[in-house]
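Enquirer: Submitted below is the structure of interest, expressed as structure tokens.
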Amino acid sequence: MNWTGILSDGVRAGLGINAAIYALAAVGLNVQFGYAGLWNFGQAGFLLVGGYGTAIAVSSWGLWLPWAVLVGIAASILLGLLLGVPTLRLRGDYLAIVTIAAAEILRIVVNSTKVQSVTGGPQGIGGFANWFFDHNPIARGRYGFGTITYDQRQLWVTLVTWVLVALASVLVALLVHSPWGRVVRAIREDEDAVRSLGKNVYSYKMQALLLGGAIGGVAGIMLVFDQQFIQPDLFQSAITFYAFAALILGGTARILGPILGAIAFWFLVEGADSFLGNAVDHNFLGVGHLVDPTQIGTFRFVLVGLVIMLLVIFRPQGFLGSRQEVMLGEQ
Amino acid sequence: MPKAGRVVVVFGLASISALLSGGRAHAVTTTTTTSTASAASIGGMLTVDNHPVPGVRVTASRGAAEVGHAVSDRRGAWRIGVPGPGTYKVALDVSTLPSGVRAERPELAEYRVFGSFAQSAGFTLSAGQSKAPGGQSRLDVFLNLFVSGIRFGLIVGLCAVGLSLIYGTTGLVNFAHGELVTFGALIAWLVNTMSSGPKLPLVLAAIIGMIATGLLGATLELGLWRPMVRRRSGASGRMLVSIGLALFLRYIYEVIFKGAPRSFRQYAAPSPVKLGPLQSPVRDYVIMAICLATLLVVGTMLRRTRLGTAIRAVSDERDLSSASGINVEGVTLLVWISGGMLAALGGVMLGMGSQGVQWNMGFRLLLTIFAAVVLGGLGNPYGAMAGGLVVGVASQVGTYWLPSDLQFAIALVILILVLLARPQGILGVRERIG
Amino acid sequence: MSNSSDAVPDPILVVESVVRRFDGLVAVSVDHLAVHRHTITALIGPNGAGKTTLFNVLTGFDRADAGSWKFDGVDVSGWPAYRLARQGMVRTFQLTKALAGLTVLDNMLLGASGQSGERIVVAPFRFRWRAEERATHERALALLDDFGLSARQRDLAATLSGGQRKLLEMARALMVEPKLVMLDEPMAGVNPALVQSLLHHVQRLRDEGRTVVFVEHDMDVVMSISDRVVCMAEGRVIADGTPEEVVDNQAVVDAYLGQRHARAR
């Protein structure tokens, strides 16, 4: 068994681009779910419109990439408006169902043959992020320590994403520690009380939904930058559930919760993948007879499911949360 | 179908092949270094007017070298394993297409595979100039879609009633309900077809599947939900646990049963019977009759029996019911058992259709079930039945105008439109506004 | 007893023909009701008389099927709850809605209206709202002092007793600087020792120039502090006058007796 290999696979993933993208998506969810108590189960849809908005703005309209990124962000804000207007006046369950439904609709629609000329259908769109990689200031080579290395391309996109995570987190921190944050946290506790004090609850919920959605849109943009490619299959609803898992793992309604959660989540997932791969190759503890090597990817989902369940049941506050300020427990 | 018998159709049916890959899309390969074999593959469904096109040869090649080929099966499905990420040429062998069917673009010259997972590739097939298979008129096509919509809607209704009852009595939006549907179908399939098993006829197998799923529902209630409720877990915490549970169960199914769809020993490929303009196999009418009868029985039981009254009482006022001597925990347990059994029946009925029994069949249906439940008003079992019919018919009939790869989206769009107009659902009572 | 009921009638709230039905059942049907400025008006009536429903309708937490009402000369029928609160009509709830996950002080700060730091574009820039926040803070501390809660300002509201939560809710409502305070059963579930303190606070609200309407079904509480009493039964106003007039009113006696009879059966 190559234990150091397993460990470094885990660490590489924990610091890598996926962790950064999911951290960003989870920061958005933290605004919506953690602070405002909004059940957005369609974060994948916000990533999708962010990504497609940017890709289409470049490929179809020929926009300069930085403008296209703004188009992507605007698209995810627009999605938030479309979803929020009908549902934010209703009970929270409705938002949950409508957001997940909308995310699936979007994925099906961009996949459809009817819009293939714009979205590329199942084949997707490629090559729209050249500008981003052309402006990579990092010289060719491999960077890192020990066995954990990244090439200049990976390092560039990963660094930029982590910087965005930091910026988003600072913004969220400033907001939640302001009177605005006080209103939003109060809405999570009891909307009617906040309404009775003259606050327009609907408007605050909308703001939280849009802010979280815009951050999700940025996550989607970085996801497709990293791929240099966009395709409907990238935006499965599993993204949302992963991001939720990361958020709960780290702790909801905590500034660093989604970041630590995403790092830990990807460390666990890739570490477990690597462990299983190794165990199959070396027939560790007889695993080789039990596990079909092509199914290692499947086991990760079993693991993620188990982690979500156990966490919510036994430690709903995650790594950082305090038991008192968590909405998963007593209500 | 629209325009002069030209039948626009399919593809890598999004909801099937995409979900086959089950979200592994972001298992980005650049950061993995494990030495395991690549699971990358390209696949799709070949159909014309919802009829599968079997026996078509598809090849994938890189440069001049062929890396794999596949022949579409009885369901029109094909899948080719490829060595890993990269750009491939995927081509249909047009000589293997049935006469009268042609491919709009038989070759995808630069198909990009970018991860170690199952990807979908679409080929649009169209039937020749003169007529669609079976020579149906446009009205006939519409009527047939309508009937298959009713069949689908009744199945959705079966599953939705259970979900709605569970929501009503426990306040849980159960994201793992689809896994109950799958469980019932998988158990029935095992009992029906496993070579070392009893190979029972499907009717018995279905009953065993229902009993097993009822037991699974009871186990979950006793082992998971009841303890959580006793520990005063909020509805939101339980909803998240149900998401974890759904992932956990679903991928265990995949580990055990692998990816491919399966069919039951009986009734798998019946020939359609002409009944006026309608062309459906007798099987489909039987499915409709069973679903309808079950829904009627459930509806009557809810209205007429003491148990039904108790269930409705708990749905309306959980605390009050408890105070007035109703055994709330007992009622909840029964709701989980019956909800599980109904879901299992729905699963078996769904598995008898053209999509077969598959590890993620319930998950694929879940959002449609949600749509039905919300349409009918959350927690209202009669509403769920009605919502199921609306969603089922609308999603099938919608394919008369729209490409059938949008079928699932139609159901969800209806959901959102209805919510806009009537947030309380079709049958729900308007709640106070905030 | 106060004599402010002798003041010149100057209604702050006028209700005309308000109807609210639930599934065909008429829960509230009030032809006319006026609440006079600088008075304490008690809304009484047996259980199910429609008091809380009327409250909810007037404060924008429920919708009316018909009718209109004016607050401070402005037609506010059908306004959403938050606009009514901003207009100066603030309510409390029968089941207290202290925001349990927030500290006592945060509960209070939340009440202040028109904070610029509550706007998302201003909120990230602390220097833009720091001074304002400090002033709000001082006002909150003064009120907490009044209500005897200043020692608990750093604690989560969840840790307060039932009576303390009622006090907090009332103090928080005052942060909005309302002209009219609508209290829904402020004494319900409060330990008797605290009732006197609560009543004292209610009277002080009036003496500070505010108007108070409160829902109560205990007649004795009502008699001691109210200037006017409105009695509802089966959704209608059946009596409206001074406490003495209302307590002698046959319809009121019947309504209460009827309920007692029903209970005995």
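Enquirer: In the list B:L375, B:L366, B:L389, B:L333, which residue meets the criterion of being within 30 Å of A:Q295 (Cα to Cα), touching a residue at least 12 places away in the same chain (Cβ under 8 Å) and out of contact with any Ser or Thr (no Cβ under 7 Å at 6 or more places or on another chain)?
Expert: That would be B:L366, the only listed residue that is within 30 Å of A:Q295 (Cα to Cα), touching a residue at least 12 places away in the same chain (Cβ under 8 Å) and out of contact with any Ser or Thr (no Cβ under 7 Å at 6 or more places or on another chain).
Enquirer: Among the numbered criteria (1) of a type outside the set (F, W, Y); (2) within 13 Å of chain A (Cβ to nearest Cβ); (3) surrounded by fewer than 24 Cβ atoms within 10 Å (Cβ to Cβ), which one does B:S354 miss?
Expert: All conditions are met except number (2).
Enquirer: Related question: Select from segment C:87-100 the residues that are surrounded by fewer than 19 Cβ atoms within 10 Å (Cβ to Cβ) and within 9 Å of another protein chain (Cβ to nearest Cβ) and list them in ascending order.
Expert: Of everything in segment C:87-100, just one residue is surrounded by fewer than 19 Cβ atoms within 10 Å (Cβ to Cβ) and within 9 Å of another protein chain (Cβ to nearest Cβ), namely C:Q87.
Enquirer: Would you check if C:Q153 is in contact with a helix residue (DSSP H, G or I) (Cβ under 6 Å, 6 or more places away or on another chain) and either more than 26 Å from C:F55 (Cβ to Cβ) or surrounded by 15 or more Cβ atoms within 10 Å (Cβ to Cβ) (or both)? Lay out the reasoning, then the answer.
Expert: Numbers: in contact with a helix residue (DSSP H, G or I) (Cβ under 6 Å, 6 or more places away or on another chain): yes; either more than 26 Å from C:F55 (Cβ to Cβ) or surrounded by 15 or more Cβ atoms within 10 Å (Cβ to Cβ) (or both): yes.
Against the criterion (in contact with a helix residue (DSSP H, G or I) (Cβ under 6 Å, 6 or more places away or on another chain) and either more than 26 Å from C:F55 (Cβ to Cβ) or surrounded by 15 or more Cβ atoms within 10 Å (Cβ to Cβ) (or both)), C:Q153 qualifies.
Enquirer: So A:G198 ticks every box in (1) assigned to a helix (DSSP H, G or I); (2) touching a strand residue (DSSP E or B) at 6+ places or on another chain (Cβ under 8 Å); (3) free of Cβ contacts under 8 Å to residues at least 24 places away in the same chain but one. Which box is left unticked?
Expert: Only one criterion is unmet by A:G198, namely (1).
Enquirer: To continue, here is another question. Tell me yes or no: at least one residue of segment A:150-157 is farther than 30 Å from C:T96 by Cα, at pLDDT 90 or above, of a type in the set (K, R) and in a helix (DSSP H, G or I).
Expert: Yes.
Enquirer: State all residues of segment B:207-217 that are touching a helix residue (DSSP H, G or I) at 6+ places or on another chain (Cβ under 7 Å) and closer than 14 Å to B:L342 by Cβ; if no residue qualifies, say none.
Expert: Our first condition is that a residue be touching a helix residue (DSSP H, G or I) at 6+ places or on another chain (Cβ under 7 Å); within segment B:207-217, this holds for B:208-210, B:212-214, B:216-217.
Scanning segment B:207-217 gives B:G209, B:M210, B:A212, B:T213, B:G214, B:L216, B:G217.
Enquirer: Surrounded by 19 or more Cβ atoms within 10 Å (Cβ to Cβ) and modelled with pLDDT under 95: which single residue out of C:V202, C:V195 fits that description? Spell out how you get there, then give the answer.
Expert: Working: C:V195 fails: surrounded by 19 or more Cβ atoms within 10 Å (Cβ to Cβ).
Only one candidate qualifies: C:V202.
Enquirer: Let me ask something else. Kindly provide the set of residues from segment C:115-135 that are more than 9 Å from every other protein chain (Cβ to nearest Cβ) and either surrounded by 13 or more Cβ atoms within 10 Å (Cβ to Cβ) or in contact (Cβ under 8 Å) with a residue 24 or more places away in the chain (or both), ordered by number.
Expert: Start the filter on segment C:115-135 by keeping residues that are more than 9 Å from every other protein chain (Cβ to nearest Cβ), which leaves C:121, C:127-128, C:130-131, C:134-135.
The answer is C:R128, and nothing else.
Enquirer: Among the listed residues A:I21, A:I17, A:I77, identify the single one that is under 19 Å from the mean Cα position of the chain (by Cα) and over 19 Å from A:Q228 (Cβ atoms). Break it down stepwise before answering.
Expert: Numbers: A:I21 fails: over 19 Å from A:Q228 (Cβ atoms); A:I17 fails: over 19 Å from A:Q228 (Cβ atoms).
Criteria check complete, one pass: A:I77.
Enquirer: Being more than 11 Å from chain B (Cβ to nearest Cβ), touching a residue at least 24 places away in the same chain (Cβ under 8 Å), of a type in the set (A, V, I, L, M, F, W, C) and under 16 Å from A:Y35 (Cα atoms) narrows it down to one residue among A:L247, A:L209, A:L260, A:L268; which is it?
Expert: The match here is A:L209.
Enquirer: Also: All but one of (1) without any contact (Cβ under 8 Å) to a residue 60 or more places away in the chain; (2) more than 12 Å from every other protein chain (Cβ to nearest Cβ) hold for A:D151; which doesn't?
Expert: Condition (2) is where A:D151 drops out.
Enquirer: Any chance segment A:211-223 includes a residue that's more than 22 Å from A:V85 (Cα to Cα), surrounded by 24 or more Cβ atoms within 10 Å (Cβ to Cβ), at pLDDT below 95 and β-branched (V, I, T)?
Expert: no
Enquirer: Could you go through segment C:208-222 and let me know if any residue there is hydroxyl-bearing (S, T, Y) and not in a strand (DSSP E or B).
Expert: no
Enquirer: Moving on to the next point. If A:T252 satisfies every condition in (1) within 12 Å of chain B (Cβ to nearest Cβ); (2) part of a helix (DSSP H, G or I) but one, which is the exception?
Expert: Just one mismatch for A:T252, condition (2).
Residues checked against (1) within 20 Å of the chain's Cα centre (by Cα); (2) under 30 Å from A:A245 (Cα atoms):
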{"position": "B:I243", "(1), (2)": "yes, yes"}
{"position": "B:A260", "(1), (2)": "yes, yes"}
{"position": "B:V273", "(1), (2)": "no, no"}
{"position": "B:A289", "(1), (2)": "yes, no"}
{"position": "B:T300", "(1), (2)": "no, no"}
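Enquirer: Would you call B:G308 surrounded by 14 or more Cβ atoms within 10 Å (Cβ to Cβ), without any contact (Cβ under 8 Å) to a residue 40 or more places away in the chain, in contact with a helix residue (DSSP H, G or I) (Cβ under 9 Å, 6 or more places away or on another chain) and assigned to a helix (DSSP H, G or I)?
Expert: Working: surrounded by 14 or more Cβ atoms within 10 Å (Cβ to Cβ): yes; without any contact (Cβ under 8 Å) to a residue 40 or more places away in the chain: yes; in contact with a helix residue (DSSP H, G or I) (Cβ under 9 Å, 6 or more places away or on another chain): yes; assigned to a helix (DSSP H, G or I): yes.
Criteria met by B:G308.
Enquirer: Same structure, new question: Just to be sure before I move on: is A:T294 within 11 Å of chain B (Cβ to nearest Cβ) and in a loop (DSSP other than H, G, I, E, B) in the structure I sent? Lay out the reasoning, then the answer.
Expert: Working: within 11 Å of chain B (Cβ to nearest Cβ): yes; in a loop (DSSP other than H, G, I, E, B): no.
Spelling it out, it is not the case that A:T294 is within 11 Å of chain B (Cβ to nearest Cβ) and in a loop (DSSP other than H, G, I, E, B).
Enquirer: Inspect all residues belonging to segment C:231-249 and state whether any of them is of a type outside the set (D, E, K, R), within 14 Å of chain A (Cβ to nearest Cβ) and outside any helix (DSSP H, G or I).
Expert: At the first step, the residues of segment C:231-249 found to be of a type outside the set (D, E, K, R) are C:231-233, C:235, C:237-239, C:241-243, C:246-247, C:249.
Imposing the further condition that a residue be within 14 Å of chain A (Cβ to nearest Cβ) reduces the set to none.
Looking for residues that are of a type outside the set (D, E, K, R), within 14 Å of chain A (Cβ to nearest Cβ) and outside any helix (DSSP H, G or I), one finds none in segment C:231-249, hence no.
Enquirer: If B:W401 meets every condition in (1) in contact with a helix residue (DSSP H, G or I) (Cβ under 9 Å, 6 or more places away or on another chain); (2) of a type outside the set (K, R); (3) at pLDDT below 90 apart from one, which number is that one?
Expert: Among (1) in contact with a helix residue (DSSP H, G or I) (Cβ under 9 Å, 6 or more places away or on another chain); (2) of a type outside the set (K, R); (3) at pLDDT below 90, the lone unmet condition for B:W401 is (1).
Enquirer: Can you pull out the residues in segment A:88-129 that are more than 30 Å from B:G376 (Cβ to Cβ), in contact (Cβ under 8 Å) with a residue 24 or more places away in the chain, part of a helix (DSSP H, G or I) and more than 7 Å from chain B (Cβ to nearest Cβ)?
Expert: Of everything in segment A:88-129, those that are more than 30 Å from B:G376 (Cβ to Cβ), in contact (Cβ under 8 Å) with a residue 24 or more places away in the chain, part of a helix (DSSP H, G or I) and more than 7 Å from chain B (Cβ to nearest Cβ) turn out to be A:V118, A:T119.
Enquirer: Would you pick out the residues in segment B:322-380 that are of a type in the set (S, T, N, Q) and part of a loop (DSSP other than H, G, I, E, B)?
Expert: Narrowing segment B:322-380 to residues of a type in the set (S, T, N, Q): B:322, B:324, B:327, B:332, B:338, B:354-355, B:358, B:360, B:368, B:380.
Answer for segment B:322-380, where residues must be of a type in the set (S, T, N, Q) and part of a loop (DSSP other than H, G, I, E, B): B:S324, B:N327, B:S354, B:Q355, B:Q358, B:N360, B:N380.
The values are calculated or read from the model by the stated rules, or taken from the named source; none is laboratory data. Predicted, not measured: the structure shown is a model, and the values here were computed from it. Note that we place each Cβ from the backbone using ideal geometry, even for glycine, and neighbour counts take in every protein chain shown.
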